[in-house]
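Chemist: Sharing a structure here in structure tokens format.
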Amino acid sequence: MGGGLAGLLAAIELAQAGARVTVLEAAGEFGGRARTREVDGFLFNRGPHALYRDGALKRALDSLDIRYSGGRSLSGARKAIAGGTLHPLPASFGAILGTSLFGLRDKAGYVRVFKAVMDGATGTASFARWLDDQQLTPMVRATVEAMARLASYANAAADISARAMLDQMRLATGGTLYVDGGWGTLVHGLAETARGLGVDLAGNTVVRGVRRVDGALALTLANGDTRHADAAILALGPREAAALAPQAASLADEAELARAVRANTLDLALRRLPPGAHDFALGIDAPVYFSVHSGSARLAPDGGALVHIARYLAPGDTSAADSVTELEAVADLVMPGWRTEVVSRQALRGMVVSNALPRWDRPRAAVRVAEEPGLFVAGDWVGEHGMLGDAAAASASEAAQAALHWLEGAQ
Ligand SMILES: Cc1cc2nc3c(=O)[nH]c(=O)nc-3n(C[C@H](O)[C@H](O)[C@H](O)COP(=O)(O)OP(=O)(O)OC[C@H]3O[C@@H](n4cnc5c(N)ncnc54)[C@H](O)[C@@H]3O)c2cc1C
């Protein structure tokens, strides 16, 4: 149930092992949050999407021989935004020396913490606690937090596990790819692979409930039909999963306790990039992001530009009514003159980037639904491995393997 990245990847792994698989997807289109929309030749992902080069999602795509291309993101000069002006972003040892963001003493402090991360630093409590222990000046701390937000999208240092955040920061140093044609290319490749393996991809199929009846799982659909399955994977968010299987108290707990990572985004299709525009900027004293994704991937017609701007929302930060104005102001600073070049725009408020950040005080959901044998979960809120699309991919594989194990035992 659910035809996003997790559902498609799990379906492929099950079909490869010989299972007969159907994917039930509520929307007319597959891909969930990884969908891409085309407007006048511009390709809009649902907010800024970058594929971690050393992550589980890329490994899964490559092992399936899914065809995609793209450019390494963030290879040009990057900027930091602080005090309303732009500075070189200290994202490498060379850039740390050259940045006007802080003075010599802070540079030394930043190099020390940067090196500690690269050398494998870890922690058992929250990332905020780990930062406290480093005894950083406010500016160095703000810069480390900004780099951490960039790597994880999470603006929740007090909630997120230090271990998970530090691992994610190291993962991010391996670089990311902006995908030609957008993440819809990845979805298309996965859907084709699934079909080739005989997976039945059923779109426009809303599932309303799942429960075991007479030895099989009965899936009730919104159109009144019932489908039967020996095993099933809920590859949707924790709240949706809990609503579909109210008999599972563990899912109700996840729905209540999972802390989602959210963002406001403004995606701009421009006739051309205004002269003097910068490619990339990261907020240090405000949790904002700016990147010209078409600078490294084919996402715009010749001469055009596709730009993603975002605000990383803190937990409980309900997306402000003036979110678009705030993101437009970031664009004014980083690429003055953009307003007359707009062809199309997409503003998304309070988007769920990840359904659950990895907390330090409780593990993420396990793939097995304890109360309902044969029922499993997958998605970016499940399992112990990675974040974002990587967590979706890692948990999809884990759920598929657990389902296969269950099916073998059940026969
Ligand atoms: C702004 C933004 C930026 C992001 N940036 C990155 C990034 O840079 N790198 C990265 O790795 N990840 C990124 N992500 C996260 C990534 O998009 C997700 O982790 C991934 O797409 C999640 O896939 P999923 O299959 O777990 O969930 P989803 O994509 O949410 O799929 C769930 C599917 O279930 C379907 N569904 C729901 N209810 C039902 C029902 N009752 N019956 C049937 N179907 C149902 C939905 O329609 C949906 O298609 C970003 C996300 C956002 C929003």
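Chemist: Against the definition (within 20 Å of residue 150 (Cα to Cα) and among the basic types (Lys, Arg)), how does residue 33 come out, yes or no?
Modeler: Yes: the conditions hold for residue 33.
Chemist: Something else about it: For the range 331-353, what are the residues that are farther than 17 Å from residue 36 by Cβ and within 15 Å of the ligand (Cβ to nearest atom)?
Modeler: Residues satisfying the conditions are 349, 350, 352.
Chemist: Do we have residue 349 as part of a strand (DSSP E or B), among the charged types (D, E, K, R) and outside the structural domain of residue 219 (by TED's automatic domain parsing) here?
Modeler: yes
Chemist: Restricting attention to the range 391-402, does a residue exist that is away from the ligand (no atom under 16 Å from the Cβ), in a helix (DSSP H, G or I) and farther than 21 Å from residue 211 by Cβ?
Modeler: The answer is yes; a qualifying residue exists.
Chemist: In addition: Please go through the range 156-199 and pick out each residue that is of a type outside the set (Phe, Trp, Tyr) and assigned to a loop (DSSP other than H, G, I, E, B).
Modeler: 156, 157, 158, 159, 174, 175, 180, 181, 182, 197, 198, 199
Chemist: Continuing with the same structure: Given (1) part of a loop (DSSP other than H, G, I, E, B); (2) touching a Phe, Trp or Tyr at 6+ places or on another chain (Cβ under 6 Å), identify the lone condition not met by residue 372.
Modeler: Of everything listed in (1) part of a loop (DSSP other than H, G, I, E, B); (2) touching a Phe, Trp or Tyr at 6+ places or on another chain (Cβ under 6 Å), residue 372 misses just condition (2).
Chemist: While we're here: Are there strands (runs of 3 or more DSSP E) fully within the range 1-112 with at least 2 residues that are at pLDDT 95 or above, within 26 Å of residue 272 (Cβ to Cβ) and away from the ligand (no atom under 12 Å from the Cβ)? List them.
Modeler: Those strands (runs of 3 or more DSSP E) span 36-39, 42-45, 79-82, 85-88.
Chemist: Which numbered condition trips up residue 379, out of (1) buried (at least 24 other Cβ atoms within 10 Å of the Cβ); (2) assigned to a loop (DSSP other than H, G, I, E, B); (3) over 15 Å from the mean Cα position of the chain (by Cα)?
Modeler: Just one mismatch for residue 379, condition (3).
Chemist: Quick one: residue 143 ticks every box in (1) crowded, with 18+ Cβ neighbours inside 10 Å; (2) among the hydroxyl-bearing types (Ser, Thr, Tyr); (3) not in a helix (DSSP H, G or I) bar one, so which box is it?
Modeler: (3)
Chemist: Return yes when residue 409 is assigned to a loop (DSSP other than H, G, I, E, B) and more than 20 Å from residue 286 (Cα to Cα) and no when it is not.
Modeler: Against the criterion (assigned to a loop (DSSP other than H, G, I, E, B) and more than 20 Å from residue 286 (Cα to Cα)), residue 409 does not qualify.
Chemist: Looking at 185, 220, which is the one that is among the hydroxyl-bearing types (Ser, Thr, Tyr) and surrounded by 18 or more Cβ atoms within 10 Å (Cβ to Cβ)?
Modeler: None of the other options fit; the residue is 185.
Chemist: Taking the options 249, 241, name whichever one is farther than 16 Å from residue 21 by Cα, away from the ligand (no atom under 15 Å from the Cβ) and of a type outside the set (Ser, Thr, Tyr).
Modeler: Result: 249 is the single residue among 249, 241 that is farther than 16 Å from residue 21 by Cα, away from the ligand (no atom under 15 Å from the Cβ) and of a type outside the set (Ser, Thr, Tyr).
Chemist: I would also like to ask the following. What are the residues in the range 346-376 that are surrounded by fewer than 17 Cβ atoms within 10 Å (Cβ to Cβ) and of a type in the set (Lys, Arg), if any?
Modeler: 362
Chemist: Anything in the range 4-40 that is surrounded by fewer than 21 Cβ atoms within 10 Å (Cβ to Cβ) and under 13 Å from residue 389 (Cα atoms)? List them, or say none.
Modeler: 35
The values are calculated or read from the model by the stated rules, or taken from the named source; none is laboratory data. For clarity, every value in this text was computed on a predicted model and none was experimentally measured. With ideal geometry, Cβ positions are generated from the backbone for all residues, glycine too; neighbour counts draw on all protein chains shown.
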